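The values are calculated or read from the model by the stated rules, or taken from the named source; none is laboratory data. Keep in mind that what you see is a predicted model, and the values were worked out from it rather than measured. For neighbour counting, all protein chains shown are included, and Cβ atoms are generated from backbone atoms with ideal geometry for every residue, glycine included.
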Amino acid sequence: MLTLYHSHNSPYVRKVMVLIHEAGLSDRITLITGSGTPLDPATAPLAENPLGKVPVLTRPDGGALYDSRVICRYLDTLAGDSFYPAGARLWDALTLEATADGIMDAALLMVYEDRLRPEEKRLPAFVEGQWAKIMRALDTLEARWMAYLAGPLCIGQIGLGCALGYLDLRLGARNWQASRPQLSRWQAGFNHRDSMTATQPPG
Ligand SMILES: N[C@@H](CCC(=O)N[C@@H](CS)C(=O)NCC(=O)O)C(=O)O
């Protein structure tokens, strides 16, 4: 049995969970709750991941795996290599996954700045710099990636669906959808997948 250290609101964990659902691997994985922050690792599995982050996957016949990119790639090998396309499309899939992860990274830094730093020490320009990264990434997706997003499901769309879900969860008031009608429509459709409804963050 594989064990996944899990946190309900983490977009990186959700990415792994969506892949697990899509790949039909749920029966092979036990979930353990564990999470922390840079200020307090709390229940994060430090022995398995010295970086103190989740997700982490432990295997009976090998070491622990992290981060979400490594875990997803590993799980894909168990599922028959379905979510990383062959040929030239692979590089697009990995770039889309990196873009989605970058959106999550920037959004998480904004959340940490708000939650972990005392108000008088916060740096609004840092927060807005992170938001600018997200805006540029979403504009690029809207302008150049819609044809790819309409294609076969791969790790790129899975990551993006989770990244956009995290924006809605934590930064919804900023309304990223306003000037991105195609991406908004894509997200609305993607959110109907069983894997997405089953992994909806409680908030
Ligand atoms: N690149 C990592 C990022 C994982 C990550 O940052 N997870 C957050 C939860 S959303 C975490 O555990 N943060 C704790 C910390 O930064 O100390 C991945 O893709 O798995």
Quiz item: Which of the residues belonging to the range 1-42 are of a type in the set (V, I, T) and surrounded by fewer than 16 Cβ atoms within 10 Å (Cβ to Cβ)?
Solution: T30, I32, T33, T37
Quiz prompt | Residue count for the range 102-138, restricted to those that are within 16 Å of the ligand (Cβ to nearest atom), of a type in the set (D, E) and more than 15 Å from R174 (Cα to Cα) | solution = 2
Quiz item: What about W91, is it among the aromatic types (F, W, Y), buried (at least 18 other Cβ atoms within 10 Å of the Cβ) and either over 20 Å from L31 (Cα atoms) or touching a residue at least 24 places away in the same chain (Cβ under 8 Å) (or both)?
Solution: no
Quiz item: Within the range 142-167, how many residues turn out to be part of a helix (DSSP H, G or I) and either in contact with a Leu (Cβ under 8 Å, 6 or more places away or on another chain) or surrounded by 15 or more Cβ atoms within 10 Å (Cβ to Cβ) (or both)?
Solution: 17
Practice problem: Looking only at the range 1-15, decide whether some residue is over 22 Å from P202 (Cβ atoms) and either out of contact with any strand residue (DSSP E or B) (no Cβ under 9 Å at 6 or more places or on another chain) or within 13 Å of the ligand (Cβ to nearest atom) (or both). | Solution: no
Exercise. Output the residue which, of all residues in the range 62-81 that are within 10 Å of the ligand (Cβ to nearest atom) and surrounded by fewer than 19 Cβ atoms within 10 Å (Cβ to Cβ), is nearest to S10 (Cα to Cα).
Key: D67
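So that you can scan it fast, the table gives a plain yes or no per residue for (1) without any contact (Cβ under 8 Å) to a residue 12 or more places away in the chain; (2) assigned by TED's automatic domain parsing to the domain that holds V13; (3) surrounded by 13 or more Cβ atoms within 10 Å (Cβ to Cβ):
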| residue | (1), (2), (3) |
| --- | --- |
| A107 | no, no, yes |
| E120 | yes, no, no |
| K133 | no, no, yes |
| T140 | no, no, no |
Exercise. With respect to P201, determine if the residue is surrounded by fewer than 17 Cβ atoms within 10 Å (Cβ to Cβ) and part of a loop (DSSP other than H, G, I, E, B).
Key: no
Quiz item: If you go through the range 43-56 one residue at a time, how many are near the ligand (Cβ under 9 Å from one of its atoms) and either more than 19 Å from I29 (Cα to Cα) or in contact with a Ser or Thr (Cβ under 7 Å, 6 or more places away or on another chain) (or both)?
Solution: 5
